[in-house]
Amino acid sequence: METNESAPYPVTFSFISKNVQPVYLLRQCRTQFAVKSCFDGYQSSLAISADCTVDCNDPPVGACMACDCAFDMVPVSDSSSLEVSWPGNTYTFAKNADGCECHNRFEAPAGKYRIEVPVYLTNELYPSTPDYTAVVDFTLPAPSGVVTVDLTEAYPED
C-alpha cells in the first residue's frame, strides 16, 4: 500500500454500540481484541502489546518483571463508548540473559488489517466464551487515525 506517511501508524479504536443495553469487552491488562494482517490472509493475530516483558535490547537487571493484571468488563452502549490506542507496533518475543521474557518492537507496515473483538452480553467476570465477535477491516495508515468498531450485533434478516 502506497503512502506518504512514515511508520509507525498509530490508530485509535473507537468502540461504539447503538444499543441502549450495554455489551461488554474483557480487559486484562488491556482491552482484549485481535489485530490481523492481510499479508497472511488474516490468519494470525499480531502481537500488538508487550505487556509484562522487557525490551530485549535493554541490559539484564538480574530479575524478571512482575506482572499482575486484574480482570474487568468494560461496558459499551449508545451512551458510553470506549477508545483504545494502538501505537502501530508489533512485537516478537524471546528470553534475555536473565531468562526473562523480552520483546523486540517493529512498526506495522502500511496495508490492510482486521480487528476482531470478542463481545459479551453480561458483565460476568472470567467469561468462558464471547457471545459474538465484532469484525472490522481497516487500513494503516487509518484516515484521521481513527477506526470505528461498531459492537452492535448484526442480526440476519428473515
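What follows is calculated from the coordinates using simple rules that are stated; it is not laboratory data. Owing to the predicted nature of the structure, the values given are computational and were not obtained by experimental measurement. Neighbour counts are summed over all protein chains in view; Cβ atoms, including those assigned to glycine, are modelled from backbone coordinates with ideal geometry.
Orientation-averaged projection of segment 27-158 equals 10.8 nm² [convex hull of Cα atoms, one quarter of hull surface area].
Compute the relative contact order of the chain as a whole-number percentage, counting only Cα pairs closer than 8 Å that sit 6 or more residues apart in sequence.
Relative contact order here is 37 percent.
Past the 13 angstrom mark, what percentage of all C-alpha to C-alpha distances in segment 106-150 do you count? Tail fraction, whole percent: 63. Looking at the chain as a GNM with Cα springs under 10 Å, which of K36, K95, K18 has the largest mean-square fluctuation? Answer for the Gaussian network model of the chain: K95. Springs between alpha-carbon atoms under 10 Å, Gaussian network over the chain: tell me which of A94, A70, A50 tops the mean-square fluctuations. Of the options given, A70 has the highest mean-square fluctuation.
For A134, nonlocal amide neighbours, meaning residues 5 or more places apart or on other chains whose placed amide H falls under 5 Å from its own, are V117, V119. Peptides 57-64, 25-32 ranked from most to least packed, by the mean per-residue count of other Cβ atoms within 10 Å: 25-32, 57-64. When DSSP beta bridges are restricted to pairs lying wholly in the chain, around 85% turn out antiparallel. Across the options I115, G88, G99, the greatest Cα extent toward the positive end of the charge dipole of the chain (unit charges at beta carbon of Lys, Arg, Asp, Glu) belongs to G99. Scanning the chain for cysteines with no neighbouring cysteine C-beta under 4.7 angstrom from their C-beta gives C38. Distance between Cα centroids, segment 102-129 to segment 24-59: provide it in whole Å. If you average the Cα positions of each part, the centres end up 7 Å apart.
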